[in-house]
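The values are calculated or read from the model by the stated rules, or taken from the named source; none is laboratory data. Treat the numbers as computed from the prediction; the structure is a model and nothing was measured. Neighbour counts run over all protein chains shown; Cβ positions are idealised from the backbone, glycine included. When the accessible area is computed, the model is the full protein with side chains, heavy atoms only, and any ligands, DNA or RNA have been set aside. Shrake-Rupley method; radii C 1.70, N 1.55, O 1.52, S 1.80 Å.
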Amino acid sequence: NATTNSSGLIDYSIKKEDYTYDETLKIPFTSLVSNPQTIEVKPGETKKVLFDFQAPEEKFNGIILGGFLADVEETEDTKNPNNQENVEFVNNFQIVKAAVIRSSTDEVKPIIEMSGISTELYDNQAAIMVNLQNKAPLLLGNIEISTQIRDKKTQEIIQSETVKDHKLAPNSNFDFPIIWKNDTLNVGDYILDLSVKTNGEKFEFTKDFTITKEDKKKMLPKSGTQPKEKSNINIIIVASALGGLVVLGLIGLVVAQQRKNKRLAQQLKENATQKVRKRKRKSQHR
């Protein structure tokens, strides 16, 4: 079944057993096709894999989106490749063929809702996670999401951001991450203004949220350092390297100039010696 991941991409991966699909997904793709199959394909061989398909009993609007996913079966070698004496790299890959089912060409308009806000550690960075829900049986593309976070007391804009080219699978929801860009995550009350543009329509939401001491503690990076500090360290390293190169370049120029001066002095000395010798020869002839 097609879902939407946190990067705003359509995801056809097999979900864990405890995964819950969106409540608006009434007819999952997997309910219309037969169970998965395991086949063996030899090098250079081609095989056809047939599935039974059962169409929905009633006509439905919009689309049902899913896919056929070919996944390499895991073995002990692929699960624990580093346990071998000689370390090997094992390539695991999946092939997905999307499938769209429809029974009507009637127009379907997008329905987007903001379901909730939570605080999470996303990619080892403090983030506000906003759950966005596509309640329509419609694949949405070229989505633009704009966010603005304000301090509830002062109305000061803490940060703002706009992302583009997101996609939303039909009847799905996903947690949209807003990375906290400030140096510190302050406890307090905030206001989130969020807008979603898609298919020529705009959805706007405003919601209050609070960051508690527990949230602040939970959102500390596991490494104990903020990602921005890592960036500063990288900048320092690069600056130091460039500084070192500049110093080396200056030393090289000084050495080169010293050698040039030494050669020039040697040449002047030789010229002076030759002049003295010429004078002695002239005096001897006289």
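Within segment 93-103, the residues that satisfy the criterion of being open to solvent by less than 90 Å² (accessible area, probe 1.4 Å) and either modelled with pLDDT under 90 or part of a strand (DSSP E or B) (or both) are V96, A98, A99, V100, I101. Are any residues in segment 181-207 under 28 Å from Y21 (Cα atoms) and open to solvent by less than 80 Å² (accessible area, probe 1.4 Å), and if so, which ones? Scanning segment 181-207 gives L192, D193, L194, S195, V196, T198, E201, F203, F205.
Step by step: first the residues of segment 59-85, then only those that are assigned to a loop (DSSP other than H, G, I, E, B) and at pLDDT 90 or above, then the one that is nearest to the chain's Cα centre (by Cα). Which residue is that? This residue is I63. Within segment 34-43, the set of residues being over 21 Å from T75 (Cα atoms) and open to solvent by less than 90 Å² (accessible area, probe 1.4 Å) comprises just one member, S34. Scanning segment 147-171 for residues that are buried (at least 21 other Cβ atoms within 10 Å of the Cβ) and closer than 21 Å to L192 by Cβ yields I149, L168. Being over 30 Å from K109 (Cα atoms) and among the β-branched types (V, I, T), is that true of even one residue in segment 56-63? No, that holds for no residue.
If we keep just the residues of segment 106-146 that are polar (S, T, N, Q) and more than 17 Å from the chain's Cα centre (by Cα), which is surrounded by the most Cβ atoms within 10 Å (Cβ to Cβ)? Once the filter is applied, the top-ranked residue is N134. Scanning segment 19-33 for residues that are without any contact (Cβ under 8 Å) to a residue 40 or more places away in the chain, in a loop (DSSP other than H, G, I, E, B), open to solvent by 40 Å² or more (accessible area, probe 1.4 Å) and over 20 Å from E74 (Cβ atoms) yields T20, E23, I27. Residues that are under 28 Å from N199 (Cβ atoms), hydroxyl-bearing (S, T, Y) and without any contact (Cβ under 8 Å) to a residue 12 or more places away in the chain: does segment 91-108 have at least one? Yes, segment 91-108 contains at least one residue that is under 28 Å from N199 (Cβ atoms), hydroxyl-bearing (S, T, Y) and without any contact (Cβ under 8 Å) to a residue 12 or more places away in the chain.
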